[in-house]
1. If you average the sequence gap of Cα pairs under 8 Å that are 6 or more apart and divide by the length of region 28-154, what percent do you get for the contact order?
2. Calculate what fraction, in whole %, of the accessible area of region 60-129 sits on carbon and sulfur atoms when a 1.4 Å probe is rolled over the protein chains.
3. Treat each spin label as a single point 7 Å out from the Cα along the C-beta direction, and report the Ala16 to Asp204 distance in nm.
4. Could you rank the peptides 74-85, 118-129 by their average count of other C-beta atoms within 10 Å per residue, with the highest value first?
5. Give the dimensionless ratio obtained when the Cα radius of gyration of region 8-214 is divided by 2.2 N^0.38 Å.
6. Would you list Cys25, Cys147 from the most to the least accessible area, probe 1.4 Å?
7. Per residue, how much accessible area does the chain have with a 1.4 Å probe, in Å²?
8. With N set to the residue count of region 129-275, report its C-alpha Rg divided by 2.2 N^0.38 Å to two decimal places.
Amino acid sequence: DPHISSPFLFDPQHLAWRPLPPLPCNPHGYGLCNFTSVSLGPHIYVLGGSLFDTRSFPLDRPSPSSSAFRYNFLTSSWDRLAPMLSPRGSFACAAIPSADQIIVAGGGSRHTLFRAAGSRICSVERYDVERDEWEALDGLPRFRAGCVGFAVREGGEEREFWVMGGYGDSRTVSGVFPVDEYYKDALVMELKGNDGGKWRELGDMWGAGETPRFGKIVMVEDEDGGSPPAIFMLDDNDILRYDMASNRWQKECSVPRRAPCKSSYGLVVLKEELHVMTIVNGIDSTETRRSRQQKRAGTLFMQIYHPRKKTWRCLVTKPPFRKPLDFSTTVMCPIQL
């Protein structure tokens with residue numbers, strides 16, 4: 001919960017950590033999770049999420065949040081922004097730097113322990129940074145939560161907003177255990193031209209006989225702008241690449257060192273490289289003495305893949321957290337300062 005636990009900024013070049021102030025505290029809300037963070041300019045935006053509210057009933061059911069906050073690295077302070085029109089958690093989100101805007105789509109509210117319960121929505125909104133206003137756009141064709149969003153650039157401008165993955169309805173196994181029904185397609189909104197704001201649906205991204213996989217999805221942009229963006233999925237220990245022409249996922253490679261049993265990977269893109277993160281123990285570092293707190297937190301092991309060079313390298317650092325990071329719920333966002 002970023003209201004009570006300080007976020008941290010990590011510099012992979014110098015292996016340096018810096019704490020940031022917690023979000024402004026709300027005395028009625030607690031246990032914030034499933035929120036989204038996105039960078040735009042010298043700012044980090046923290047949007048929405050699921051939380052428990054002492055003013056709602058029943059108390060053990062999470063509520064979606066419409067809150068929006070912005071951290072300014074120039075002033076080292078948080079600003080409370082205009083709330084979203086629809087409260088939501090676990091939603092698709094992307095920054096549109098060329099227009100100084102942010103788009104959010106879908107989402108709902110659920111608890112991290114009871115994943116098949118909760119709400120789903122299909123609304124889509126666009127935030128204007130200069131006016132501090134949210135505007136409703138055409139909604140998704142169907143309810144969709146737990147999805148990933150990203151903007152595809154062309155000629156230095158964002159041309160399309162993509163929404164991938166996520167779940168809609170849920171079914172029960174043996175009439176008792178609820179299980180999410182995951183989508184196998186993707187949705188694309190044109191941001192420019194006559195079709196601006198309209199959604200088009202892509203077909204099934206998995207061929208006949210293939211088992212659909214629903215891992216973490218990220219996009220790698222060519223910093224020189226000479227190549228189209230590359231979309232990757234990390235599922236278990238495999239990295240898959242999405243081919244736009246064939247609308248299919250293909251295996252790119254596998255992570256060299258598998259994650260320890262019962263642990264998960266974190267995935268983020270920085271400077272055209274995929275950073276695959278996990279918490280491990282037993283890795284030697286330059287530190288000869290370690291406090292008990294550091295032992296409990298474990299070691300952050302990053303395996304870094306360069307898609308164009310098809311090479312791997314690694315980084316090892318000691319995180320400043322009291323307990324090991326759980327990458328199944330950890331929210332990460334890259335920013336260039």
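The values are calculated or read from the model by the stated rules, or taken from the named source; none is laboratory data. Bear in mind that the values here come from a model prediction, so they are computed numbers and not experimental data. A quick note on method: Cβ atoms are made from the backbone with ideal geometry, for glycine too, and the neighbour counts reach across all protein chains shown. Remember, those area values only see protein heavy atoms, side chains included, never the ligands or the DNA or RNA. Shrake-Rupley method; radii C 1.70, N 1.55, O 1.52, S 1.80 Å.
1. Relative contact order for region 28-154 comes out at 21 percent.
2. On the way: 1480 of 2780 Å².
Accessible surface attributable to carbon and sulfur in region 60-129 totals 53 percent.
3. That separation, rounded to one decimal, is 5.2 nm.
4. 118-129, 74-85
5. Against the empirical 2.2 N^0.38 Å value, I get 1.09 for region 8-214.
6. From most exposed to least exposed: Cys25, Cys147.
7. Spelled out: the 1.4 Å probe surface of the chain, per residue, equals 53 Å².
8. 1.17
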